Amino acid sequence: MTDTVLNPVQVSLSMPELPKRKPVVDLGTRMAHASMALAFLISYVTSESEYWRLVHVYSGYSLAAVLAFRLAWGWLGPASARWGLLLRRVAMWRVWVNKFRQGEWLSRNFWVGASSWVLSAAVLCIYVFCTVAIASGWATYNELLGDGWLNDVLQELHEGLGNAAMAMVCIHVGLLVILRMWRGPQALRPMWRGYANTSGRG
């Protein structure tokens with residue numbers, strides 16, 4: 001009976017390549033994302049009901065608190081949460097327009113990058129629309145401009161921005177569903193668990 005001794009190189013080559021976990025989205029951003037989604041959903045669902053008006057108002061206040069946290073976190077949080085990162089992604093629209101004009105839209109890489117841009121642009125629009133909607137809703141609720149036509153204009157602005165924010169949410173969620181079908185679970189893992197799987201030996 002003979003024993004076969006493998007050297008470290010043979011052992012390394014014989015071992016299967018295990019995926020690594022790469023941190024992508026920090027806990028603060030993920031918590032803000034989930035809290036904002038819940039507060040916005042409650043606020044939107046109760047927006048047309050007088051019976052649930054106080055629920056609508058306080059869910060709006062909750063949304064404002066989450067947005068305030070996200071604003072501060074974008075300046076004080078880790079690199080993955082910084083506003084500069086989001087704004088750079090949104091500013092990439094010129095790149096994707098140029099690639100489209102050059103005929104690169106047939107490649108898979110183009111659509112992966114373009115989908116990332118759409119997701120980032122939708123998130124930025126949601127932040128902006130929700131912020132102005134909350135401000136106009138607060139002013140309307142407290143009748144800062146009286147109870148005349150100016151208050152009616154603010155009310156229309158509030159409702160319009162709420163619908164615009166919901167449209168961006170639908171685009172965001174719809175694209176995530178498509179990416180989930182196209183790329184598998186890893187498309188949602190960064191925001192759900194905070195990491196993405198990468199292959200390779202360290």
Looking at the structure I just gave you, is residue 143 surrounded by fewer than 18 Cβ atoms within 10 Å (Cβ to Cβ) and assigned to a helix (DSSP H, G or I)?
no
Is there a residue in segment 28-41 that is among the polar types (S, T, N, Q), out of contact with any strand residue (DSSP E or B) (no Cβ under 8 Å at 6 or more places or on another chain) and over 17 Å from residue 122 (Cβ atoms)?
yes
Does at least one position in segment 174-183 carry a residue that is farther than 26 Å from residue 46 by Cβ, touching a Ser or Thr at 6+ places or on another chain (Cβ under 7 Å), open to solvent by less than 70 Å² (accessible area, probe 1.4 Å) and modelled with pLDDT under 80?
yes
Here are some residues: 119, 124, 145. Which one is under 23 Å from residue 88 (Cα atoms) and at pLDDT below 90?
119
Here the qualifying pairs (Cβ atoms under 8 Å; residues six or more apart or on different chains; first in segment 153-177 and farther than 11 Å from residue 137 by Cβ and small (Gly, Ala, Ser); second assigned to a helix (DSSP H, G or I) and open to solvent by less than 40 Å² (accessible area, probe 1.4 Å)) come out as 165/40; 165/126; 165/130; 165/133
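The values are calculated or read from the model by the stated rules, or taken from the named source; none is laboratory data. The model shown is predicted, which means the values in this text are computed figures rather than measured ones. Cβ coordinates were reconstructed from backbone atoms using ideal geometry, including for glycine residues, and neighbour counts include every protein chain displayed. These area figures cover heavy atoms from the full protein model, side chains too; ligands, DNA and RNA do not enter into them. Shrake-Rupley method; radii C 1.70, N 1.55, O 1.52, S 1.80 Å.
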